[in-house]
1. Please find, among Ala115, Ala157, the residue that is within 25 Å of Gln83 (Cβ to Cβ) and either aliphatic (A, V, I, L, M) or in contact with a Phe, Trp or Tyr (Cβ under 9 Å, 6 or more places away or on another chain) (or both).
2. For the range 137-173, name all the residues that are in contact (Cβ under 8 Å) with a residue 60 or more places away in the chain, assigned to a strand (DSSP E or B) and of a type in the set (A, V, I, L, M).
3. Can you tell me which residues in the range 130-151 are β-branched (Val, Ile, Thr) and surrounded by fewer than 17 Cβ atoms within 10 Å (Cβ to Cβ)?
4. Restricting to the range 104-136, and then to whatever is in contact with a Gly (Cβ under 7 Å, 6 or more places away or on another chain) and outside any loop (DSSP other than H, G, I, E, B), can you tell me which residue is farthest from Glu168 (Cα to Cα)?
5. Could you tell me whether Ala56 is loosely packed, with under 10 Cβ neighbours inside 10 Å, at pLDDT below 80, farther than 30 Å from Trp160 by Cβ and small (Gly, Ala, Ser)?
6. Does the range 19-32 contain at least one residue that is at pLDDT 80 or above, assigned to a helix (DSSP H, G or I) and among the aromatic types (Phe, Trp, Tyr)?
7. Being basic (Lys, Arg) and not in a loop (DSSP other than H, G, I, E, B) is the filter; apply it to the range 59-103 and report the residue that is modelled with the highest pLDDT.
Amino acid sequence: MNARAACLALLLPLLGACGDSDEQEVRQWMKEIDAQTKVAVPPLAEPKTFIPFAYASADAPDPFSPAKLLIELAKSRSGGGIQPDMQRRKEFLESFPLDTMKMVGILQKDRTTYALLQIDRAIHHVQAGQHLGQNFGLVTGITEEAVNVKEIVQDAAGDWVERTSKLELQEKESKP
């Protein structure tokens, strides 16, 4: 406790010395600096006159009218586009997504080329004309390097569009 009292006794005179400043001198110096400083503010530019835009297309058809949208929807639903065959019986490989299939090789027998696809450790063979994948995929061609697949998928507007995909040959990694 004595040490605290001694420290307090030494610090109080120091703090008291901080309070004895001549405030008048500082105020005088601030006034002199304010008088010397000249702020140059450029004059504001004259405002431009506003010319309102005249809309001259009042007689044109409204691009956002619901009637125009209904006409476009009727055109797209008229059946002019491609459609997947919903009545066709699904094949076994159509129950697997295309990205889970790996091409691991090909076989040829009597001028028919088969691609070997690995799905979950099982090997399946496909030929051109067979269906696979969950997007109405049709095997359109088989080469030594890849299986070409044509899928029919829906776009954002709900229309059916064709998309081509490839299952490329996966080389087995050799372990050193």
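1. Answer to the check: Ala157.
2. Listed by number, the residues that qualify are Ile152, Val161, Leu167, Leu169.
3. Thr140, Thr143
4. Checked the range 104-136; the qualifying residue farthest from Glu168 (Cα to Cα) is His131.
5. In short, no.
6. Looking for residues that are at pLDDT 80 or above, assigned to a helix (DSSP H, G or I) and among the aromatic types (Phe, Trp, Tyr), one finds at least one in the range 19-32, hence yes.
7. Of the range 59-103, the ones basic (Lys, Arg) are 68, 75, 77, 88-90, 102.
Then drop every residue that is not not in a loop (DSSP other than H, G, I, E, B), which leaves 68, 75, 102.
Details: Lys68: 74, Lys75: 66, Lys102: 93.
Residue satisfying both the conditions and the ranking: Lys102.
Per-residue answers, yes or no, for (1) free of Cβ contacts under 8 Å to residues at least 24 places away in the same chain; (2) of a type in the set (Val, Ile, Thr):
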{"position": "Ala67", "(1), (2)": "yes, no"}
{"position": "Ser95", "(1), (2)": "no, no"}
{"position": "Val104", "(1), (2)": "no, yes"}
{"position": "Leu107", "(1), (2)": "yes, no"}
{"position": "Asp110", "(1), (2)": "yes, no"}
{"position": "Tyr114", "(1), (2)": "no, no"}
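The values are calculated or read from the model by the stated rules, or taken from the named source; none is laboratory data. Note that the coordinates shown come from a computational prediction; the quantities given were computed from them, not determined experimentally. Cβ atoms come from the backbone with ideal geometry, glycine included; neighbour counts cover every protein chain shown.
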